[in-house]
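The values are calculated or read from the model by the stated rules, or taken from the named source; none is laboratory data. What you are looking at is a predicted structure, and each value in this text was computed from that prediction instead of being measured. All Cβ positions, glycine included, derive from the backbone under ideal geometry; neighbour counts span all protein chains shown. Protein only, heavy atoms only, side chains kept; ligands, DNA and RNA dropped before computing areas. Shrake-Rupley method; radii C 1.70, N 1.55, O 1.52, S 1.80 Å.
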Amino acid sequence: MTQTLRLNLPDFCAHGEAREGVLAPESFARLHAEVVEVVSGRWHVEGRLALRQELPEYEGRPILDLSVEAVLRVACVRCLEPVEMAVRVERGFVAVESDAEADEALTEDDRYDAVVSSLQFDLAGLIEDEILMALPAQPRHERCSPQALAALGLSADEEGVALQVPKDNPFAVLQALKKH
């Protein structure tokens, strides 16, 4: 069953609505293309209007509060085998009217980011963006499996991974060809 992940953002927030779901492939195709496997994942979003005491300059504007918890398997940059990563996102978003306003908004407040308000707001895109940004740039095992490294022609050293030196010196092979 496909989840509806488009929101009329102003109405959703004005009515204090909430939605939740799982990170299903049919709704999060981009995420599923970037990871080896989604082991588990749930998201929850609530809408509300900004209060004067929290964001005086945005009072009455729509706010989305997003939380995501997921366990993902991604490819290790060293051995290419799956490595499990826990991801947790807790973020607030203030709706603004344009991209230009979003670029200038909330520069001093790191609790919130700006999103452009829409009657067809792409919630799936926002969730995917936040998860992908929460993943490490270079995911890796603490210690890669020696078998996985060997299959790639690598071996472990004190600092991580080193290339294996071929047992036959390639220059010796060339030297032998030169003699013939």
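Quick notes
- Residue satisfying all of: in the range 95-111; under 30 Å from Pro25 (Cβ atoms) and out of contact with any Cys (no Cβ under 9 Å at 6 or more places or on another chain); least open to solvent (accessible area, probe 1.4 Å) among these: Ala102
- Any hit, the range 40-48, residues being in contact (Cβ under 8 Å) with a residue 40 or more places away in the chain, assigned to a loop (DSSP other than H, G, I, E, B) and open to solvent by less than 90 Å² (accessible area, probe 1.4 Å): no
Per-residue answers, yes or no, for (1) over 16 Å from Asp129 (Cα atoms); (2) touching a Cys at 6+ places or on another chain (Cβ under 8 Å):
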| site | (1), (2) |
| --- | --- |
| Leu7 | yes, no |
| Arg19 | yes, no |
| Val35 | no, no |
| Arg42 | no, no |
| Leu49 | yes, yes |
| Leu55 | yes, no |
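- Which numbered condition Cys79 misses (of (1) in a loop (DSSP other than H, G, I, E, B); (2) open to solvent by 30 Å² or more (accessible area, probe 1.4 Å)): (2)
- Screening Leu31 with (1) open to solvent by less than 40 Å² (accessible area, probe 1.4 Å); (2) in contact with a strand residue (DSSP E or B) (Cβ under 6 Å, 6 or more places away or on another chain); (3) of a type outside the set (Val, Ile, Thr); (4) not in a strand (DSSP E or B) gives one miss only, at (2).
- Only one of the numbered conditions (1) in contact (Cβ under 8 Å) with a residue 60 or more places away in the chain; (2) assigned to a helix (DSSP H, G or I) is violated by Asp129, and that is (1).
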